[in-house]
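The values are calculated or read from the model by the stated rules, or taken from the named source; none is laboratory data. Note that the structure is a prediction, hence the values are computed from the model and not measured. Here Cβ is always computed from backbone atoms with ideal geometry, including for glycine, and neighbour counts include all displayed protein chains. For accessibility, only protein heavy atoms count, side chains too; no ligands or nucleic acids. Shrake-Rupley method; radii C 1.70, N 1.55, O 1.52, S 1.80 Å.
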Amino acid sequence: VQLQASGGGLVQAGASLRLSCAVSGRTFSSLAVAWFRQAPGKEREFVMGVTASGLSTRYADPVKGRFTISRDNAKNTVYLQMNSLKPEDTAVYYCAATRGSLGVPAVSAQYPDWGQGTLVTVSS
(Lines give C-alpha, C1' and ligand atoms only; values in the text may rest on other atoms or scores of the structure.)
Protein backbone atom coordinates (compact mmCIF):
# COMPACT_ATOMS: atom_id res chain seq x y z
CA VAL A 1 0.00 0.00 0.00
CA GLN A 2 1.30 3.45 -0.91
CA LEU A 3 0.01 6.58 0.75
CA GLN A 4 0.68 10.17 -0.22
CA ALA A 5 -0.32 13.00 2.08
CA SER A 6 -0.74 16.54 0.83
CA GLY A 7 -2.41 19.84 1.65
CA GLY A 8 -0.27 21.19 4.46
CA GLY A 9 0.84 24.78 4.67
CA LEU A 10 1.25 27.90 6.75
CA VAL A 11 -1.94 29.47 8.05
CA GLN A 12 -3.01 31.83 10.80
CA ALA A 13 -4.87 30.74 13.89
CA GLY A 14 -8.55 30.29 13.19
CA ALA A 15 -8.04 29.33 9.56
CA SER A 16 -8.89 26.05 7.87
CA LEU A 17 -6.94 23.49 5.87
CA ARG A 18 -7.89 20.26 4.17
CA LEU A 19 -5.36 17.46 4.05
CA SER A 20 -5.62 14.68 1.50
CA CYS A 21 -4.28 11.15 1.65
CA ALA A 22 -4.21 9.36 -1.69
CA VAL A 23 -4.00 5.58 -1.34
CA SER A 24 -2.89 3.08 -3.97
CA GLY A 25 -1.72 -0.49 -4.19
CA ARG A 26 -4.51 -2.34 -2.45
CA THR A 27 -8.28 -2.39 -2.33
CA PHE A 28 -8.98 0.94 -0.74
CA SER A 29 -12.33 -0.14 0.65
CA SER A 30 -10.65 -2.74 2.89
CA LEU A 31 -8.44 -0.21 4.65
CA ALA A 32 -9.02 1.79 7.79
CA VAL A 33 -7.15 5.06 7.43
CA ALA A 34 -6.03 7.42 10.15
CA TRP A 35 -4.15 10.66 10.57
CA PHE A 36 -1.39 11.05 13.10
CA ARG A 37 0.72 14.10 13.83
CA GLN A 38 4.10 14.79 15.34
CA ALA A 39 5.08 18.16 16.70
CA PRO A 40 8.74 19.12 17.22
CA GLY A 41 10.13 17.38 20.27
CA LYS A 42 6.98 15.36 20.84
CA GLU A 43 5.86 11.83 20.15
CA ARG A 44 3.61 10.98 17.26
CA GLU A 45 -0.04 11.11 18.30
CA PHE A 46 -3.32 9.91 16.88
CA VAL A 47 -5.56 12.61 15.44
CA MET A 48 -8.50 11.04 13.68
CA GLY A 49 -9.41 8.01 11.65
CA VAL A 50 -12.15 6.37 9.62
CA THR A 51 -13.11 2.72 9.32
CA ALA A 52 -12.86 0.78 6.08
CA SER A 53 -16.63 1.01 5.70
CA GLY A 54 -16.59 4.74 6.26
CA LEU A 55 -19.43 4.35 8.72
CA SER A 56 -17.46 5.11 11.84
CA THR A 57 -14.80 7.60 12.86
CA ARG A 58 -12.59 8.08 15.87
CA TYR A 59 -10.96 11.26 17.03
CA ALA A 60 -8.61 12.55 19.67
CA ASP A 61 -10.03 14.97 22.24
CA PRO A 62 -7.86 17.97 21.18
CA VAL A 63 -9.51 18.03 17.75
CA LYS A 64 -13.09 17.34 18.81
CA GLY A 65 -15.53 19.65 17.10
CA ARG A 66 -12.84 21.17 14.86
CA PHE A 67 -11.61 18.36 12.60
CA THR A 68 -13.63 15.99 10.47
CA ILE A 69 -12.56 13.04 8.36
CA SER A 70 -14.11 11.62 5.24
CA ARG A 71 -13.26 9.16 2.52
CA ASP A 72 -14.03 9.09 -1.18
CA ASN A 73 -13.86 5.50 -2.36
CA ALA A 74 -14.14 6.58 -5.99
CA LYS A 75 -10.93 8.60 -5.64
CA ASN A 76 -9.14 6.30 -3.15
CA THR A 77 -8.62 9.34 -0.97
CA VAL A 78 -9.19 10.25 2.66
CA TYR A 79 -9.60 13.86 3.68
CA LEU A 80 -8.94 15.58 6.98
CA GLN A 81 -10.80 18.86 7.22
CA MET A 82 -9.24 21.04 9.88
CA ASN A 83 -11.14 24.10 11.05
CA SER A 84 -10.44 26.66 13.75
CA LEU A 85 -6.77 25.79 13.68
CA LYS A 86 -4.66 26.61 16.72
CA PRO A 87 -0.90 27.08 17.08
CA GLU A 88 -0.80 23.81 19.02
CA ASP A 89 -1.99 22.02 15.88
CA THR A 90 1.38 22.76 14.31
CA ALA A 91 2.97 19.43 13.36
CA VAL A 92 3.85 17.11 10.56
CA TYR A 93 0.70 15.20 9.70
CA TYR A 94 0.93 11.60 8.51
CA CYS A 95 -1.72 9.34 7.10
CA ALA A 96 -1.57 5.63 7.78
CA ALA A 97 -3.53 2.57 6.74
CA THR A 98 -4.34 -0.80 8.19
CA ARG A 99 -6.52 -3.74 7.17
CA GLY A 100 -8.43 -6.34 9.02
CA SER A 101 -9.60 -3.96 11.70
CA LEU A 102 -13.23 -3.54 12.63
CA GLY A 103 -12.58 -0.15 14.12
CA VAL A 104 -9.96 2.58 14.01
CA PRO A 105 -6.87 1.79 16.06
CA ALA A 106 -5.33 4.76 17.83
CA VAL A 107 -1.91 3.14 18.25
CA SER A 108 0.61 3.88 15.53
CA ALA A 109 2.16 0.42 15.78
CA GLN A 110 -1.05 -1.07 14.42
CA TYR A 111 -0.58 0.70 11.10
CA PRO A 112 1.91 -0.99 8.76
CA ASP A 113 1.64 1.53 5.94
CA TRP A 114 2.46 5.23 6.16
CA GLY A 115 2.61 8.27 3.96
CA GLN A 116 5.50 10.71 3.91
CA GLY A 117 3.90 13.47 5.99
CA THR A 118 2.81 17.00 5.28
CA LEU A 119 3.72 20.00 7.42
CA VAL A 120 1.02 22.16 8.98
CA THR A 121 2.14 25.38 10.61
CA VAL A 122 -0.33 27.57 12.46
CA SER A 123 0.84 31.03 13.45
CA SER A 124 -0.67 32.98 16.31
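For the chain, the per residue solvent-accessible surface stands at 50 Å², with DNA, RNA and ligands left out and a 1.4 Å probe. When a 1.4 Å probe is rolled over the protein heavy atoms, the share of accessible surface on the chain that falls to carbon and sulfur comes to 47 percent.
With r as the distance between the Cβ atoms of ASN83 and LYS42 and R0 = 30 Å, compute the FRET efficiency 1/(1 + (r/R0)^6) and round to 0.05. Show your work: numbers first, answer last.
Details: r = 22 Å, r/R0 = 0.74.
E between LYS42 and ASN83, to the nearest 0.05, is 0.85.
Assuming charge only on the beta carbon of Lys and Arg (+1) and of Asp and Glu (-1), the dipole of the stretch 7-65 about its Cα centre is about 60 debye to the nearest 20.
The Cα atoms of the chain cover 40, 28, 25 Å along the three principal axes, with the biggest extent listed first. Each part gets one Cα centre, and for the stretch 90-116 versus the stretch 41-89 those centres are 11 Å apart. Beta bridges assigned by DSSP with both partners in the stretch 15-124 are antiparallel in approximately 100 percent of cases.
For the chain, the residue among GLY41, SER70, LEU17 whose Cα projects farthest onto the positive side of the dipole built from Cβ charges is SER70. Note on the chain: dipole from Cβ charges, positive end direction compared against SER53, GLY8, PRO87; the farthest Cα belongs to SER53. Annotation: aspartates and glutamates with alpha-carbon distance below 16 angstrom to LYS64 (same-chain offsets under eight excluded): GLU45, GLU88, ASP89. Summarising the label geometry, the points placed 7 Å from Cα in the beta-carbon direction at LEU119 and LYS64 lie 3.2 nm from one another. Shape analysis of the stretch 63-123 based on the Cα gyration tensor places the equivalent ellipsoid semi-axes at 22, 14, 12 Å, largest first.
How big is the dipole moment of the chain about its Cα centre under a simple scheme where the beta carbon of each Lys and Arg is +1, that of each Asp and Glu is -1, and everything else is neutral? Debye, nearest 20, please.
Values: 12 positive and 7 negative charges, 37 e Å.
Dipole about the Cα centre, nearest 20: 180 debye.
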